[in-house]
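Derivation of every value follows stated rules applied to the coordinates shown; laboratory data play no part. Note that the structure is a prediction, hence the values are computed from the model and not measured. Glycine also receives a Cβ, built like all others from the backbone with ideal geometry; neighbour counts cover every protein chain displayed.
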Amino acid sequence: MEEKILETLISSFVGELAKESKSILEGISDESKQFLKIGIKKYLEKQKDKYSYIKTLLKGNTPTYLYNIYYHLKLSTDKINHIETKSITKLLEKNKYITIVGDAGSGKSTLTKHLFLNAIYEKKGIPVLVELRYLNDYNNKLETYIYEKIFENKLTENVKILERFLEHGKFIFFLDGFDELNADIKIGLIDNLNSFIQRYDNNSYILTTRPYSDIENLPLFHNYSVEGLTIIGGEIEGFIFKQLHSEKELAIKIVNSIKNNASPFIESFLKNPLLLSLYILTFQSNAEVPDKKYIFYRRVINALFSEHDSKTKLGFVREKLSGLNQEKFENILRVFCFLSYFDGKISWDSDYANDKLRMIKQKKSGYDFDNYLFIKDLKSAVALWVDDNGELSFAHRSLQEYFAAAFIRNLNSIESEKVYQKIIVKFTDVRRFGEVENFLSLCKEMDNQNFTKYYLLPLFYELRQLINNENNESLVKSFIQFFVTSISLPYVEKNRGKNREISYFDRQVNINNQLVYRSIYIHLPFTRELFRVLDETLRKNEDIEKCKFISKEEEVSVFNHHTGSRDLVKQKMRVIELTQEVPNDFYSLCNSQVLDIAQRFDKFIDTEIYRYENLVKANDEFNSDLVSLI
């Protein structure tokens, strides 16, 4: 999309919006209407300028026009594959409430910026993009933040106009990075969002997140997953040529290196836009596709420190103002990332950075540097950090996870055991801590022996104790109890009409949070399969009504139309409690479907314990043999 086309479309968009809104703005003064037209035009121009340019690792954090490098991604649901994202109008045809779920580096934030600009291009609605990480230091409701964002941009000066536009669905809200919210913010934000949507349900809402971030608490949202790039479908080749549109000869070499490499790891790695970008960045120094993800990060760190400038400036290495060499830079970053990652900091201000850097200098002898120059090097000379209006972060969040994992790898055996014990405790509730799969996978690759001995095996031993395989009945019952605390059904189905009341309580399977999230990294496929079966049993099997229930009052958050806020009220529920025992009627209802999953899970536990115990033993013996040789 040409930038000039967008500029022209803004004027056209505002004109059409004004015509469409005549009935909406009835009774509003002509002066206010004129201000609205000017306000919307200025707002769209400002936002267009902000989101049309992005910084990427490939471009050394130099702002680049989005559509010079953007490659269209596809989404999928449980039932539909290959959903196009070129047009926001088509994307929102079936569902107005969408959650886009993707792993680290899958391109969610860039896709959001494209959809934002596309909303202007297709005159779909007034787009408002909220980067959710900024709510971590905000002490008010999401609704207030949105209002402030709109008024700050002088979109309108009249609350009445804003209310009318919201009520008539003139907005598309993009809520980017739910997984980047601090633990204590998430639960409240879900409630705020449900409240806001209920009041203004004619608007469209697109939320992005990494997996396992508690998105199941958004009852109206449909989950769309980001599809990976493929070799067969031509996406990997298309992505490479898009990034290197002015360097076609280099692009051809990179494409050929991938096609000629028979490594089974190629597609699993290069389907991810971030990892494919790292491969492009480091290709000239190493054209081999590695079989481990962390090697990509290792190469890109080297490239950003010394090799990237030499690609176009032969023999040139950018001066580091702090006077630190690469080794010291990395040592500092390992400590900083370890601390900030476990502080739950995705981004930070200069005060936080200076506080941690001062502490590092106090603890590590021989590290005397100027904090300001160190941060400036990270932003400019090395291009690892980006500065967004004083908010600092890594060029990509996964780089923080890489350095944190690298710190753990360098610990001695005693400290390593301690840190993995703490990780197990900290990650017990993933809903509160966030998505951890990428970090744990890096620990497994980089610190395999300690990760296996102090993280994986303790969790598998716990699972072995909790899953009772004495007979099929005890196996199924203990399997269900591990994952689920209770089954809840309302006495009256919630109203399905236009003015429906959004409630957390419909027919639902209640997760055993303390156990499930503690070890979800190793049993996720079984978790998904069991919950799919139980969910289908609840919704499709009429015999569920024949089970014995207990009456239980639950506190439910309900929107109060008079006050505009949410109240906690008691709601009577029918509950099947599973914590003490699984009732025989419920067991009979789902036994045939759950037994196969439970048996496979039981076998999986034994197989993995045997495999990991032998792996640890073999490595210990190997190391002992090597030491005895000298």
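Mind ordering 378-384, 359-365 by average Cβ neighbours within 10 Å, highest first? Kindly include the intermediate steps, with their values, before the conclusion.
Details: 378-384: 20.6, 359-365: 12.3.
The packing order, highest mean first, is 378-384, 359-365.
Highest first, please rank the peptides 129-137, 98-106, 403-411 by the mean number of other Cβ atoms sitting within 10 Å of their residues.
Highest-to-lowest ranking by the protection proxy: 98-106, 403-411, 129-137.
Quick check: residue separation of residue 147 and residue 577 times 0.36 nm, minus the Cα distance between them. What number comes out in nm?
Length gained, residue 147 through residue 577: 150.5 nm.
Quick check: net charge around residue 616, other residues with Cβ under 14 Å of its Cβ, Lys/Arg +1 and Asp/Glu -1?
With Lys, Arg at +1 and Asp, Glu at -1, the net is -2.
Could you compute the FRET efficiency for residue 350 and residue 46, with r as their C-beta to C-beta distance and R0 at 25 Å, rounded to 0.05?
For R0 = 25 Å, the calculated efficiency reads 0.50.
Pick out, from 273, 359, 508, the residue whose Cα sits farthest towards the positive end of the charge dipole of the chain, with +1 on the Cβ of Lys and Arg and -1 on the Cβ of Asp and Glu.
Of the options given, the answer is 273.
Using 7 Å Cα-to-Cβ label points, what is the residue 80/residue 359 separation (nm, one decimal)?
If labels sit at residue 80 and residue 359, their model points lie 4.7 nm apart.
At 37 °C and 0.692 mPa s, grab the translational diffusion coefficient of region 177-255 from Stokes-Einstein with a Kirkwood Rh over Cα pairs, rounded to a whole number in µm² per second.
Translational diffusion coefficient: 206 µm²/s.
Below 8 Å, C-alpha to C-alpha, sequence gap of six or more: please give me the relative contact order for the chain in percent.
In percent, rounded to a whole number, it is 12.
Using 0.36 nm per residue, how much length does the chain from residue 522 to residue 510 gain when fully extended, once their Cα-Cα distance is taken away?
Taking 0.36 nm per residue and subtracting the Cα distance, the gain is 2.3 nm.
Indicate the helices, whole DSSP H runs only, in the chain that combine a mean Kyte-Doolittle hydropathy of -1.0 or more with a Cα extent along their long axis of 18 angstrom or more.
Details: long enough: 3-20 (26 Å, 0.26); 30-51 (31 Å, -1.49); 108-121 (19 Å, 0.18); 183-199 (25 Å, 0.18); 326-342 (24 Å, 0.32); 350-363 (20 Å, -1.45); 397-409 (19 Å, 0.09); 413-426 (20 Å, -0.23); 520-540 (29 Å, -0.07); 584-628 (62 Å, -0.49).
Result, helices passing both filters: 3-20, 108-121, 183-199, 326-342, 397-409, 413-426, 520-540, 584-628.
Pop a pseudo-label 7 angstrom from the Cα along the beta-carbon direction at both residue 288 and residue 542 and give the gap in nm to one decimal.
6.5
Which of rounded, prolate, oblate describes region 319-410, given a ≥ b ≥ c as roots of the alpha-carbon gyration tensor eigenvalues and a/c under 1.5 marking rounded, otherwise prolate only if a/b is larger than b/c?
Taking the square roots of the gyration eigenvalues as a ≥ b ≥ c, region 319-410 is rounded.
I want the antiparallel fraction of DSSP beta bridges within the chain, as a percent rounded to 5.
If we restrict to bridges inside the chain, about 60 percent are antiparallel.
Sort 547, 590 by Cβ crowding within 10 Å, fewest neighbours at the top.
547, 590
Taking the convex hull of the Cα atoms, report for region 235-297 its projected area averaged over all directions, in nm².
Mean orientational projected area (region 235-297, Cα hull): 3.8 nm².
Please rank 533, 425, fewest neighbouring Cβ atoms within 10 Å first, as an exposure proxy.
425, 533
Just how large is the dipole of the chain about the Cα centre, in debye to the nearest 20, putting +1 at every Lys and Arg Cβ and -1 at every Asp and Glu Cβ?
1200
Can you tell me which lysines have their Cα less than 17 Å from the Cα of residue 55? Leave out same-chain residues fewer than eight positions away.
Answer for residue 55, where 17 Å is the Cα cut-off: 108, 113, 242, 376, 379, listed by chain and number.
Starting from 0.36 nm per residue, how many nanometres of slack lie between residue 553 and residue 131 once their C-alpha separation is accounted for? Intermediate results must be reported in sequence, preceding the final value.
Working: separation 422, 0.36 × 422 = 151.92 nm, distance 3.66 nm.
In short, 148.3 nm is gained.
Quick one: grab the alpha carbon gyration tensor of the chain, order the square roots of its eigenvalues as a ≥ b ≥ c, and give me rounded if a/c is under 1.5, else prolate or oblate depending on whether a/b is larger than b/c. List each step's numbers first, then the result.
On the way: a/c = 1.71, a/b = 1.03, b/c = 1.66.
It comes out oblate by the Cα gyration axes.
Per the helix-only calculation at 222 nm, which mean residue ellipticity applies to the chain, given -39500 (n - 2.57) for every DSSP H run of n ≥ 4 and division by its residues, nearest 500 deg cm²/dmol?
Value at 222 nm, helices only, nearest 500: -16000 deg cm²/dmol.
Among 320-332, 109-121, how do they line up from the highest to the lowest mean number of other beta-carbon atoms within 10 Å?
Top of the packing list down: 109-121, 320-332.
Assuming a ≥ b ≥ c are the square roots of the Cα gyration tensor eigenvalues, decide whether region 76-118 counts as rounded (a/c under 1.5), prolate (otherwise, with a/b larger than b/c) or oblate.
oblate
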